[in-house]
1. Take segment 151-165 and flag every residue that is surrounded by 16 or more Cβ atoms within 10 Å (Cβ to Cβ) and touching a residue at least 40 places away in the same chain (Cβ under 8 Å).
2. Filter segment 19-29 down to the residues that are part of a helix (DSSP H, G or I) and in contact (Cβ under 8 Å) with a residue 60 or more places away in the chain, then identify the one that is farthest from ligand 2 (Cβ to nearest atom).
3. Restricting to segment 39-92, what's the tally of residues that are away from ligand 1 (no atom under 14 Å from the Cβ), part of a loop (DSSP other than H, G, I, E, B) and surrounded by fewer than 19 Cβ atoms within 10 Å (Cβ to Cβ)?
4. Among all residue pairs at least 6 apart or on different chains, which show Cβ distances below 9 Å where the first residue, located in segment 167-194, is more than 21 Å from Asn35 (Cα to Cα) and the second is assigned to a strand (DSSP E or B) and within 16 Å of ligand 2 (Cβ to nearest atom)?
5. Just to be sure, is Tyr268 within 25 Å of Ser224 (Cβ to Cβ), buried (at least 21 other Cβ atoms within 10 Å of the Cβ) and either of a type in the set (Phe, Trp, Tyr) or in contact with a strand residue (DSSP E or B) (Cβ under 9 Å, 6 or more places away or on another chain) (or both)?
6. Do we find a residue being under 30 Å from Arg177 (Cβ atoms), surrounded by 14 or more Cβ atoms within 10 Å (Cβ to Cβ) and of a type in the set (A, V, I, L, M, F, W, C) anywhere in segment 224-242?
7. Which residue, of Tyr13, Tyr70, is out of contact with any Leu (no Cβ under 6 Å at 6 or more places or on another chain), among the hydroxyl-bearing types (Ser, Thr, Tyr), within 16 Å of ligand 2 (Cβ to nearest atom) and not assigned by TED's automatic domain parsing to the domain that holds Lys170?
8. Looking at (1) more than 21 Å from the chain's Cα centre (by Cα); (2) hydroxyl-bearing (Ser, Thr, Tyr); (3) modelled with pLDDT of 95 or more, which is the only condition Ser119 fails?
Amino acid sequence: MNKLLSPFLISGYISKEYFCDRESEYEILKKNTQNGVNTTLISPRRLGKTGLIFHFFDSLKNEKDIQAIYVDIYSSLNIDDFIRLLAESILEKFPEKTSFGKKFLTLIKGFRPRFTFDSISGAPQIEFNYQSQNDKEYTLKQLLLFLDSQDTKIIIAIDEFQQIVNYPEKNIEAILRTYIQQLKNINFIFSGSQAHILAEMFLSSKRPFFSSTQFLNLEKIERSKYKEFIQYHFSQGDKAISEECIDYILDWTKGYTFYTQSVCNKVYRNKKIDLDVIKLECIGLMKEKEPSFFQYRNFLTPNQWKFLIALAKEEEIVQIYSYDFLNRYNLGTPSSAKRIVNSLLEREMILESNNKEGSSYSIYDVFLMRWLQLTY
Ligand SMILES: Nc1ncnc2c1ncn2[C@@H]1O[C@H](COP(=O)(O)OP(=O)(O)O)[C@@H](O)[C@H]1O
Ligand SMILES: [Mg+2]
């Protein structure tokens, strides 16, 4: 393997050495797979859902009788896209030269699709031509039944699963649920970041997926474990980093995975590490994002922007409609605040976290929060 510039990854997955903790979550996924239980994996963006799926799948790579397929449906707009992405992931997993791949290709060719290859990645791309809605449902069903008929257990992770509620075909949930119920050898991991959409989908008795999966809520990585991980990798690179410095990083990033990885990634590239170096790297990261922060300001109303600044200053607030908070920052009445909060929640500019004590609110993007604190 090429020598890494930094052992703190900010995209993709290499091996468990570069992956921090998630042991209990890993065990849950493993147990669910053994017991044939489907899982719904939920957390805000950038906490490590996709990483956890890759980590789990990586551990299965030497198991002969389990095959793992990862499908990211973030870019999908309709059921056509869903089927295409699923088929492409299967093809990628089982290339034509494998016997499974050959059989799958024969099945696919029966639908007379058009094949192309991505000019950059070389990954296979498939375009189906459908005559009708029934045609699509038939294709989807055949893909799943084909996988199910192989003599191996299969796990399909569908990432960004909440995307399906935006499809124009409103019956997609019912269709999927019906097919999935008939499968014997396939287990699913449904992963997504919009907790309320997924909760509604899986917990409402009126919805097809009701009660069909086990929920796995991904939280922040435990601080002590993250500290150990950071310390370990710096010392592996013969770089000294004090506990004070690690604490500073974890406070600044609030312990969120992506932000912590990003800061550590940059800091690691320095020869000598102290608080000044870390602060400079943090500022550097904010500056990199500044153009997109200006964009936010352009598409938000002045009142929404003002609200974000106030929230950034508070970092985290429980009583978001209290007169105390609203008056302190001159944010208007509770009812106008409610409208602002709802639209900012919808745009994923602010994050609502629910716990035993109730809901608390914070800025979704930690870099934006720190930048607002610094700039205003
Ligand atoms: N347990 C972990 N240890 C180290 N890095 C991680 C871990 N989980 C995720 N990451 C890294 O953090 C970033 C965000 O994680 P990701 O899995 O993409 O989050 P999500 O899918 O929840 O949006 C990724 O770049 C990933 O490499
Ligand atoms: Mg993800």
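1. Lys153, Ile154, Ile155, Ile156, Ala157, Ile158, Asp159, Glu160, Phe161, Gln163, Ile164, listed by residue number.
2. First, pick out the residues of segment 19-29 that are part of a helix (DSSP H, G or I): 23-29.
Those left that are additionally in contact (Cβ under 8 Å) with a residue 60 or more places away in the chain: 25, 28-29.
Working: Glu25: 14, Ile28: 18, Leu29: 15 Å.
Among residues in segment 19-29 that are part of a helix (DSSP H, G or I) and in contact (Cβ under 8 Å) with a residue 60 or more places away in the chain, the one farthest from ligand 2 (Cβ to nearest atom) is Ile28.
3. Looking only at segment 39-92, we keep the residues that are away from ligand 1 (no atom under 14 Å from the Cβ), and these are 39, 60-69, 75-92.
Adding the requirement that they be part of a loop (DSSP other than H, G, I, E, B) leaves 60-65, 75-78.
This time we only want the ones that are surrounded by fewer than 19 Cβ atoms within 10 Å (Cβ to Cβ), so: 60-65, 75, 77-78.
Number satisfying all stated conditions: 9.
4. Short answer, once both residue conditions are applied: Gly192/Thr40; Gly192/Leu41; Gly192/Ile42; Gly192/Ile158; Gly192/Asp159; Ser193/Ile42; Gln194/Ile42.
5. Values: within 25 Å of Ser224 (Cβ to Cβ): yes; buried (at least 21 other Cβ atoms within 10 Å of the Cβ): no; either of a type in the set (Phe, Trp, Tyr) or in contact with a strand residue (DSSP E or B) (Cβ under 9 Å, 6 or more places away or on another chain) (or both): yes.
So Tyr268 does not fit the description; no.
6. If we filter segment 224-242 for residues that are under 30 Å from Arg177 (Cβ atoms), which is where we start, we get none.
Within segment 224-242 (the criterion being under 30 Å from Arg177 (Cβ atoms), surrounded by 14 or more Cβ atoms within 10 Å (Cβ to Cβ) and of a type in the set (A, V, I, L, M, F, W, C)), the answer is no, since none of the residues qualifies.
7. Numbers: Tyr70 fails: not assigned by TED's automatic domain parsing to the domain that holds Lys170.
Exactly one residue qualifies, and that residue is Tyr13.
8. Failed condition: (3).
The values are calculated or read from the model by the stated rules, or taken from the named source; none is laboratory data. Quick caveat, the model's predicted, so the values are computed rather than measured. FYI the Cβ positions are ideal-geometry reconstructions off the backbone, even for glycines, and counts take in every protein chain you see.
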